[in-house]
Amino acid sequence: MSGKLKSVAQKHPLVVYIAISYLLCWVFLYPAFKLLLAAKGSFPPLALFGLIGAYGPSLAGLLMFAFVKGWEGARTALHKFLQWRQPAGWYLFVLVFPICIHIAAVLIYMRPAVDLLSGLRTIPLAFVVALPFGPLAEELGWRGYFLPELLKRFDAITATFIMGFVWAAWHIPIFVYPGAAIPSYFSVNAWSIFLFLCSITAESFAFTYVFLKTKGNLILAILLHMAFNASPNIGEGFFPALETAKAVREQIYITDFVLVAVCMLVCFAFDRTVRAKLTATDLQVGEAG
């Protein structure tokens, strides 16, 4: 790698990270989705190059570790995938919290019949489908690299709002494909994009909370991302009527992220170990506990 590029990455790591991750998405993922739309049901092999763009955030994070600390830094980054030792309660929280929030949002607006067996069967399949696209593709970048770098420069609240905006904006090329980012029951317009930004920002606070409580554990971030992405499909598994309940889907979507935001407000306000970090800058991962 050139010395000049390495120098720029070291001086402006946040800007370079954003540029790389956005560039990969626009160059590879956006054309792949356009190809899929044009194919009308068939799968053009060239669309596989879209995976490079989908994995752009994690690839950008890996490159930044390499730029700043050499290939030893890249190896250290990959080692984050092996740091699985955390209390079982955290694994339970990241897997169950998004699902419970979504079910609560559904029950506020509907009293649908419950298909317990179908719902339980849906959970593992929804997790397996969600895991490669989003959680593994993005989290080495967003929570493995970008959030720690933000926390070196900003307090946790400011860092999380920046995280939410940058993460949401990264999805802009993906809006072209129905359901890939903005749910398919929405039209892509200013209102749905605003709601998507609110949802991503609320979720970002959940990620930051887990990050601060678990010393930046990457595996928990991946599982939390997986559970957030899978929860709508799991909800439809438990409540089959939800699939056709288009009249209330927007209200459920809004209530979902409002409930996440309220829960995180409570966590941030009443958890003393987190509250003490909210105004701190240059917060190192090892200091979270």
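The values are calculated or read from the model by the stated rules, or taken from the named source; none is laboratory data. This one's a predicted model, so the numbers in the text were calculated from it and none came from an experiment. Cβ placement follows ideal geometry from the backbone for every residue including glycine, while neighbour counts extend to all protein chains displayed.
Structure values in brief
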quantity	calculated
Sole residue being among the aromatic types (Phe, Trp, Tyr) and more than 20 Å from Ala180 (Cα to Cα), chosen from Phe33, Phe28, Phe65	Phe65
Residues being touching a helix residue (DSSP H, G or I) at 6+ places or on another chain (Cβ under 7 Å), surrounded by fewer than 15 Cβ atoms within 10 Å (Cβ to Cβ) and in a helix (DSSP H, G or I) - total across the range 77-90	1
The range 192-210 residues that are at pLDDT 95 or above, paired with ones that are polar (S, T, N, Q) (beta carbon under 6 Å, 6 or more apart)	Ser204/Thr160; Phe205/Thr160; Thr208/Thr160
Condition broken by Lys40, with the remaining ones in (1) charged (D, E, K, R); (2) free of Cβ contacts under 8 Å to residues at least 24 places away in the same chain; (3) touching a helix residue (DSSP H, G or I) at 6+ places or on another chain (Cβ under 8 Å) satisfied	(3)
Verdict on Met64 being aliphatic (A, V, I, L, M), surrounded by 21 or more Cβ atoms within 10 Å (Cβ to Cβ), in contact with a helix residue (DSSP H, G or I) (Cβ under 7 Å, 6 or more places away or on another chain) and modelled with pLDDT under 95	yes
Hits in the range 43-57 (condition: touching a residue at least 12 places away in the same chain (Cβ under 8 Å) and over 17 Å from Ile20 (Cβ atoms))	Leu46, Ala47, Leu48
Test: residue in the range 211-218 that is under 20 Å from Tyr109 (Cα atoms) and either modelled with pLDDT of 95 or more or not in a helix (DSSP H, G or I) (or both)	no
Check on Leu120, surrounded by 14 or more Cβ atoms within 10 Å (Cβ to Cβ) and under 19 Å from Met226 (Cβ atoms)	no
Filter result (touching a Gly at 6+ places or on another chain (Cβ under 7 Å) and surrounded by 24 or more Cβ atoms within 10 Å (Cβ to Cβ)) within the range 219-233	His225
Check on Gly237, in contact (Cβ under 8 Å) with a residue 60 or more places away in the chain, surrounded by 20 or more Cβ atoms within 10 Å (Cβ to Cβ) and on the phi > 0 side of the Ramachandran plot	no
Selection status of Ile182, at pLDDT 95 or above, surrounded by 15 or more Cβ atoms within 10 Å (Cβ to Cβ) and more than 25 Å from Leu37 (Cβ to Cβ)	no
Top-ranked residue of the range 14-44 - restricted to ones that are farther than 14 Å from Pro173 by Cβ and among the aromatic types (Phe, Trp, Tyr), ranked as surrounded by the most Cβ atoms within 10 Å (Cβ to Cβ)	Tyr17
Check on Ala9, of a type in the set (Gly, Ala, Ser), surrounded by 14 or more Cβ atoms within 10 Å (Cβ to Cβ), free of Cβ contacts under 8 Å to residues at least 60 places away in the same chain and assigned to a helix (DSSP H, G or I)	yes
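Table: residues versus (1) among the aromatic types (Phe, Trp, Tyr); (2) touching a Leu at 6+ places or on another chain (Cβ under 9 Å); (3) on the phi > 0 side of the Ramachandran plot; (4) modelled with pLDDT under 95.
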{"residue": "Leu125", "(1), (2), (3), (4)": "no, no, no, no"}
{"residue": "Thr158", "(1), (2), (3), (4)": "no, yes, no, yes"}
{"residue": "Phe165", "(1), (2), (3), (4)": "yes, yes, no, no"}
{"residue": "Ala168", "(1), (2), (3), (4)": "no, yes, no, no"}
